[in-house]
Amino acid sequence: MSESQVATRMRPDLDIQDEIAAIIVSNPQLAADRHTIHVTVRGGVVILSGQTRTPIHRQLLVTLAEKVRGVASVQSDQLHDDESIRLQAGQMLPSGVLVNVNHGVVVLSGTVPEGASIEELASQVASLPGVTKVVTPL
């Protein structure tokens, strides 16, 4: 094993975490999501969780984290994006019910069709990965 490989593997997790946090804050595309993105590092493995607004921002974060010196791998299965949640929720809801998502909080609005229960619809949406709360002002 070369000296640079040993140095890369031995980088403290806290240093890696701090560098990724700095990347998030300094990147204009990720800065707005900084309060809803969580970074944990264990043995060089970066665990990303929380919310971004778009799948593009999600992928950008994963790509940037992978490039940080000392990162062995990046796990992002707990990192979700509002746009994907909105599309998934929209596919399961009846016509007339509108979906808005902001950092995992889903707001259902519009008109609930006759025979449908807003509580049941909210429960279905709440089961989607990445949904932190469902608001139903209907």
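Derivation of every value follows stated rules applied to the coordinates shown; laboratory data play no part. Remember, predicted model here, so these are calculated numbers, not experimental data. Cβ: placed from backbone, ideal geometry, glycine included. Neighbour counts: every protein chain shown.
Some values worked out for this structure:
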item	result
Once exposed loop trypsin sites (Lys or Arg not before Pro) are cut out (DSSP; at most 12 other Cβ, 10 Å), longest piece of the chain	70-138
Equivalent ellipsoid semi-axes, segment 83-135, via Cα gyration tensor eigenvalues times 5, rooted, Å	17, 11, 9
Protection-proxy order for peptides 119-125, 78-84, each taking the mean of Cβ atoms within 10 Å per residue, highest first	78-84, 119-125
Relative contact order %, the chain, counting alpha carbon pairs below 8 Å whose residues are six or more apart	19
Residue 37 long-range amide H proximity, modeled H, under 5 Å	51
